[in-house]
1. Which of the residues that make up segment 42-57 are farther than 17 Å from Glu4 by Cα and assigned to a helix (DSSP H, G or I)?
2. Of all residues in segment 11-51, which are in contact (Cβ under 8 Å) with a residue 40 or more places away in the chain and touching a Leu at 6+ places or on another chain (Cβ under 6 Å)?
3. When residues of segment 6-41 are filtered for being more than 15 Å from Val62 (Cα to Cα) and either touching a helix residue (DSSP H, G or I) at 6+ places or on another chain (Cβ under 9 Å) or not in a helix (DSSP H, G or I) (or both), how many remain?
4. Quickly run through segment 41-59 and pick out the residues that are open to solvent by less than 40 Å² (accessible area, probe 1.4 Å) and within 13 Å of the chain's Cα centre (by Cα).
5. Where the second residue is in a helix (DSSP H, G or I) and surrounded by fewer than 21 Cβ atoms within 10 Å (Cβ to Cβ) and the first is of a type in the set (Ser, Thr, Tyr) and lies in segment 59-74, which pairs have Cβ atoms under 8 Å and are six or more apart or on separate chains?
6. Which members of segment 17-40 meet the condition of being within 14 Å of Phe64 (Cβ to Cβ), open to solvent by 40 Å² or more (accessible area, probe 1.4 Å) and of a type in the set (A, V, I, L, M)?
7. Give segment 1-16 a look and list any residue that's under 13 Å from Leu66 (Cα atoms) and among the β-branched types (Val, Ile, Thr), or say none.
8. When residues of segment 27-56 are filtered for being in contact with an Asp or Glu (Cβ under 8 Å, 6 or more places away or on another chain) and either closer than 14 Å to Gly9 by Cβ or acidic (Asp, Glu) (or both), how many remain?
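The values are calculated or read from the model by the stated rules, or taken from the named source; none is laboratory data. The structure displayed is predicted, hence computed values, not measured ones. Counting neighbours? That spans all protein chains shown, and the Cβs are built from the backbone with ideal geometry, glycine included. Note: areas computed on protein heavy atoms with side chains; ligands, DNA, RNA excluded. Shrake-Rupley method; radii C 1.70, N 1.55, O 1.52, S 1.80 Å.
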Amino acid sequence: VIDEVVGMGISLFMLPHSLGLYFLAFIFFRFFDIIKPLFINRIQNLSGGWGIMLDDVLAGLVTFALVNSIYIIL
């Protein structure tokens, strides 16, 4: 569970206070966490629990970049 909290925390890091952006970040994070595109799926194979943690960290970073980009464009 802590990996999900960390990943979501990264996703929401320094976002403006907006329910719409928070919802969008949640949807994107869940998508990347469940679907696991190529680079996220590869990191999951690390041993010792690192892969389990780092796949959510990467999903959070991708979500952070995507939501912030959308916010800047709009």
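1. Hit for segment 42-57 is Arg42, nothing else.
2. Leu15, Leu21, Ala25
3. Count: 3.
4. Once the filter is applied, which keeps residues that are open to solvent by less than 40 Å² (accessible area, probe 1.4 Å) and within 13 Å of the chain's Cα centre (by Cα), segment 41-59 yields Asp55, Asp56, Val57, Ala59.
5. Thr63/Ile10; Thr63/Phe28; Tyr71/Leu21
6. Leu24, Ile27
7. Across segment 1-16, the qualifying residue is only Ile10.
8. 4
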